[in-house]
1. Efficiency by 1/(1 + (r/R0)^6): what FRET value for residue 217 and residue 345, r their Cβ-Cβ distance, R0 = 22 Å, to the nearest 0.05?
2. Just add up the charged neighbours of residue 230: K/R +1, D/E -1, any other residue whose Cβ is under 12 Å from the Cβ of residue 230.
3. Suppose only helical runs count, i.e. DSSP H with n ≥ 4. What mean residue ellipticity at 222 nm does that imply for the chain under -39500 (n - 2.57) per run, divided by all residues and rounded to the nearest 500 deg cm²/dmol?
4. Once label points are set 7 Å from the Cα along Cα→Cβ at both residue 310 and residue 372, what is their separation, rounded to one decimal in nm?
5. With labels modelled as points extended 7 Å from the Cα through the Cβ direction, what inter-label distance (nm, one decimal) is found for residue 97 paired with residue 233?
6. Who wins for biggest fluctuation among 71, 200, 92 in a Gaussian network model of the chain, springs between alpha carbons below 10 Å?
7. If the chain between residue 273 and residue 317 were fully stretched, how many nm would it gain, using 0.36 nm times the residue separation less the Cα-Cα distance?
8. Among 104, 142, 182, which residue has its Cα furthest toward the positive end of the charge dipole of the chain, with +1 on Lys/Arg Cβ and -1 on Asp/Glu Cβ?
Amino acid sequence: MLIVTSLVLGASLAGPPAPSDQPLTLERCLELAHQQSPLLRASRARHEASLAHVQTVKALPYPELSYDSDLQPKPFQFGREGESYLGVTQLLEFPGKRARRGRIAAHQADAALSDVARVRLQLDFEVKAAFAGLLLAREKLQLAREDQALALEFLEKTEQKYQAGDVAEVERLRAQVEASKADNVEKAAANEEKLARAELAFQIAWPPDSALEVKGRLGRPPVPTDAETLERTALERRPEIRQLELAQACERLAERQARLEALPDLEVGAARHRVAGEATTWDVTLSVPVPLFFWQPHRGPIAESMASRRALEHEAEGMRQAIRLEVQKAYTNAQSARDRTRLYEDQILAQAREVYDMFLFSYQQGAIGGIELIEARRTLIEARAGYAEALHQHDLAIAALESAVGE
């Protein structure tokens, strides 16, 4: 536990990441997020507080020092009293009370550590989603620039044909409109790419005034396993299940603690007794409360702990069912996203490219008009953009599946 705490403290006290000229990979982004995320650092601090609380509840009660001055001639004449007591008293709790409080606090500290894992799991998903979002925005910007280049190429060819008298004025105007539209699309894509870069910088706590470049491509590898195996793994690894199990353990200990509280503690005291003109003596005191209404004050806490434990058991069962459903949905989405990407790779991309090349050749030969070439170009760009979207959805589905499994 000491080693874990030291690592947590080291991570929480680390300085901000130093910007580097090297592009960031997904693994590096996750590493930076683990070091610098304010939410993750806050959860680590709460875990540190819970560890300190363990020592607090296990501490022995303070001894009580008392002084009693009797038979004073006048108030506050301590040097002339006829009788005085100077003693110390220590409360000795019934065996097991202090140890059980410590075990409850230790379970609560473990639950706080599980919450750190839960926050990190959610953070991992957010970073993966932001990273994939930036890759998609970058791909869309590249496609927009290619579309812009194609539109300018089309405008140039149309201008040549117009000068040669092969096309009408309307074809030239149509080409100019397409070039303007492509320019607007490129500007919008550049803005989306900028926003996606800011989103990733936020997730990894990257300095806002520093450049951020990433290295990677859309299309993460699929998860090569079956849904049942993933469900079993999720039930073993998800921190929410661990938190509920620890909460149940705490309630069981709290119930036993409530029963122990009904048992009396012992108070031991020793005092120096001085009487004027007499020999100094010592007094020893042992006191135990008399439980006249033995169980009455503790029935409420016992019943409360039992009811809370039953509620947590039902909540844990509901959580297991919810996790199974989450894994099933995420696995189905991942399989569906994989199939969509394969459809683009096997058919759509090649067909769209072939159609565009055919129409471009026909337009150059004068066999078709500009409107047909424009539609073919749009189909090609839309196919490539659709493929990028499919890869992005696949990456998001894989990230959601990893989060659902607790990886």
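Bear in mind these aren't lab numbers, they're just calculated from the coordinates by the rules spelled out. As the structure is a computational prediction, the values presented were derived from the model and not from experiment. So basically every Cβ, Gly included, is an ideal-geometry build from the backbone, and we count neighbours across all protein chains shown.
1. With a Förster radius of 22 Å, E is 0.95.
2. Residues near residue 230 contribute -2 overall.
3. Result for the chain, helices only: -24500 deg cm²/dmol.
4. Computed distance between label sites residue 310 and residue 372 equals 7.8 nm.
5. 4.9
6. Greatest mean-square fluctuation among the candidates belongs to 71.
7. 9.5 nm
8. 104
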